[in-house]
Amino acid sequence: MHFETRAIHAGQEPDPVYGAVMTPIYQTTNFAFKELGQPGPFEYTRSANPTRSALESCLASLEGGTRGFAFATGMAGIATVLNLLNAGDHIIVHADLYGGTYRLLSSVIAEKGVSVEFSNLRDLDTFRQAIRPNTKMIWTETPTNPLLHLLDLAAIAEIAQEKKILTVCDNTFATPCFQQPLSLGIDIALHSTTKYINGHSDVVGGAIVVKDAVVGKRIGFLQNSMGTAQAPFDSFLVLRGLKTLALRMQAHNQNALALAEWLSEHPKVDKVFHPGLKDHPQHDLALRQMTGFGGTFSFRPKGGKEVAARVLSSVRIFTLAESLGGVESLIGQPWTMSHGSMPADVKLASGITEDLIRLSVGIEHVDDLREDLREALG
Ligand SMILES: *Cc1c(COP(=O)(O)O)cnc(C)c1O
């Protein structure tokens, strides 16, 4: 079945008791045993819950994996995957990554005896040289936040597979609608479902999808042991959000590309970072690896941080707020907001400057969004 159909039906049968067409919210901590020693398919909601299981099956189907897992937040999912590592292991992380993941790796995981190495995985030779005998995991994120750099997932997966190293891709920006890391050879696809997957800025959540049964079993064990799973009500909301993922992503993609093209011609704009533009250094890779570019991109106005601050504070439809991926348009300054927890030298080294503006383009009418930016740029 096609993606759009699976987004609506995978993992979801009418409820066996009353025939409810929409998966009910099983707002219960526990499930009655049939008899002593004979539990039903569900026992205790931390371990499994029918609402969450429906969401997890749907996520697995959309990413093309064998098992899906839903988490309380994106970071809960990330922390669960990182618990596959033990003291003495080495992880190679693409240096340009989500601020919260950077913080967890550098201030928590690295303190536990895991050796964390940030590297530039866009350069495959650098990547090859970073691999050590104790390298257990490669961490990728593509497109990256906020500069929309891409990583060649198939090439990275091939190098890692030769050495039997587990590969992870944070697929939050593209969603399985536009990019399917598992089909490119990556072992674990990961999401902050807070963003496009839920899409309505009313839930925080995370997801993991895996291909391999052994890895899946371990993630399931960790999810239950660490208690990082998503609550039934939140699972219900994310499952509802998924139903319109394909339509929303098309709208985000069209609006963002139209604005990026317009901004790149604007006399007061210095540079636009969007993989759909022909001047993006990895435009060809984007066409090869993705079927759409997503709804988030960034740009730098001419005139430095004062001009950027003026744009950020004078928009009226775009809301100045953290996060991305909702139906409503947001604007932000990565320097102080999404990447505020990253040291200044690390930000500058990855090209994040104080005058950089990030847009999460929503699904409003594109003419209204363009007008808003036109007025703000003055
Ligand atoms: C938001 C985000 C996360 C963290 O997810 P939360 O749901 O906020 O915990 C991880 N990776 C990326 C790319 C994100 O945008």
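The values are calculated or read from the model by the stated rules, or taken from the named source; none is laboratory data. Worth saying up front: this structure is predicted, and the values here are computed from it rather than measured. All Cβ positions, even for glycine, are placed from backbone atoms using ideal geometry, and neighbour counts span all protein chains on display. When the accessible area is computed, the model is the full protein with side chains, heavy atoms only, and any ligands, DNA or RNA have been set aside. Shrake-Rupley method; radii C 1.70, N 1.55, O 1.52, S 1.80 Å.
Mind checking which of A157, T194, V215 is farthest towards the positive end of segment 156-315's charge dipole, using Cβ charges of +1 (Lys, Arg) and -1 (Asp, Glu) about the Cα centre?
T194
Please get the size of the charge dipole for segment 245-377, origin at its Cα centre, with Cβ charges of +1 on Lys and Arg and -1 on Asp and Glu, quoted in debye to the nearest 20.
Charge dipole of segment 245-377: 220 debye, to the nearest 20.
So what's the angle, to the nearest 10 degrees on a 0 to 90 scale, between helix 153-162 and the longest Cα principal axis of the chain?
Taking the Cα atoms of the chain, the angle to 153-162 is about 50 degrees.
Report the FRET efficiency, 1/(1 + (r/R0)^6), for V21 and L124, where r is their Cβ-Cβ distance and R0 is 56 Å, rounded to 0.05.
Working from the Cβ atoms, E equals 0.70.
Please get the size of the charge dipole for segment 69-195, origin at its Cα centre, with Cβ charges of +1 on Lys and Arg and -1 on Asp and Glu, quoted in debye to the nearest 20.
Computed about the Cα centre, the dipole is about 240 debye.
Along the charge dipole of segment 245-377, pointing to its positive end and built from +1/-1 on Cβ of Lys, Arg, Asp and Glu, which listed residue (S350, L330, M249) has its Cα farthest out?
The residue sitting farthest along the positive end of the dipole is S350.
What number in nm² do you get for segment 3-242 if you take the convex hull of its Cα atoms and divide its surface by four?
Taking a quarter of the hull surface, the average projection is 13.4 nm².
Quickly rank 301-311, 199-209 as a protection proxy: mean count of other C-beta atoms within 10 Å, highest first.
Ranked by mean Cβ neighbours within 10 Å, highest first: 199-209, 301-311.
Taking 8 Å as the Cα distance limit and 6 or more residues as the minimum spacing, I'd like the relative contact order of the chain as a percentage.
This gives 17 percent for the chain.
Quickly estimate the mean residue ellipticity at 222 nm for the chain, helices only: each DSSP H run with n ≥ 4 gives -39500 (n - 2.57), and the total goes over all residues, rounded to 500. Don't skip to the answer; put the middle values down first.
Details: 14 runs with 139 residues, N = 378.
Dividing the helical sum by the residues of the chain leaves -11000 deg cm²/dmol.
Please identify every one of the trypsin sites (Lys or Arg not before Pro) in segment 6-54 that sits in a loop by DSSP and has no more than 10 other beta carbons within 10 Å of its own beta carbon.
Values: sites: R6, K34, R46, R52; in loops: K34, R46.
Loop-located and lightly packed - K34.
How would you order 290-299, 268-277 from highest to lowest mean count of nearby Cβ atoms within 10 Å?
In descending order of packing, they fall as 290-299, 268-277.
Compute, for the chain, the length of the dipole vector about the Cα centre, with Cβ point charges of +1 (Lys, Arg) and -1 (Asp, Glu) only. Units Debye, rounded to 20.
Using Cβ point charges on Lys, Arg, Asp and Glu, the chain gives about 520 debye.
So how much slack lies between L320 and A258, counting 0.36 nm per residue of separation and subtracting their Cα-Cα distance, in nm?
20.2 nm
With a 1.4 Å probe and all protein chains left in place, how much of the accessible area of the chain comes from carbon and sulfur atoms, in whole percent?
Carbon and sulfur: 54 percent of the exposed surface of the chain.
For a protection proxy built on the mean count of beta-carbon atoms within 10 angstrom, sort 141-151, 123-133, 92-102 highest first, please. Write down the numbers at each step before the final one.
Numbers: 141-151: 24.5, 123-133: 13.0, 92-102: 21.4.
Highest mean packing first, the order is 141-151, 92-102, 123-133.
Working out 0.36 nm times the residue gap between S225 and E328, then minus their Cα-Cα distance, what length gain in nm do you get to one decimal? Could you put the intermediate results ahead of the total?
Numbers: separation 103, 0.36 × 103 = 37.08 nm, distance 3.62 nm.
My answer for the length gained is 33.5 nm.
Once both axes come from the Cα atoms, what is the angle between helix 304-314 and the longest principal axis of the chain, in degrees from 0 to 90, rounded to 10?
60 degrees
Dividing the Cα radius of gyration by the Kirkwood radius, what Rg/Rh value follows for segment 10-144? Mind showing how you got there, number by number?
Details: Rg = 19.9 Å, Rh = 17.9 Å.
Over the Cα atoms of segment 10-144, Rg/Rh equals 1.11.
Considering every Cα-Cα pair within segment 175-255, what fraction, in whole percent, is farther apart than 15 Å?
Every Cα pair in segment 175-255 considered, those over 15 Å come to 62 percent.
If you wrap segment 1-78's Cα atoms in a convex hull and average its projection over all directions, what's the area in nm²?
6.6 nm²
Hey, if you put +1 on the Cβ of every Lys and Arg and -1 on every Asp and Glu Cβ in the chain, which of V311, A130, Q12 ends up farthest toward the positive end of that dipole?
A130
Ratio to report: Rg/Rh of segment 245-377, with Cα atoms as the point set and Rh obtained by the Kirkwood method; give two decimals.
Taking Rg over the Kirkwood Rh, I get 0.94.
If I model a spin label as a point 7 Å beyond the Cα along the Cα-Cβ vector, how far apart are those points for Q161 and E13 in nm?
Computed distance between label sites Q161 and E13 equals 3.4 nm.
Compute the accessible area per residue over the chain, keeping the other protein chains in place, probe 1.4 Å, unit Å².
On the way: 16060 Å² over 378 residues.
Dividing the accessible area of the chain by its residue count gives 42 Å².
What is the extension gain from H283 to D368, computed as 0.36 nm multiplied by their sequence separation minus the C-alpha to C-alpha distance, in nm to one decimal?
Separation in residues times 0.36 nm, less the Cα-Cα distance, equals 27.9 nm.
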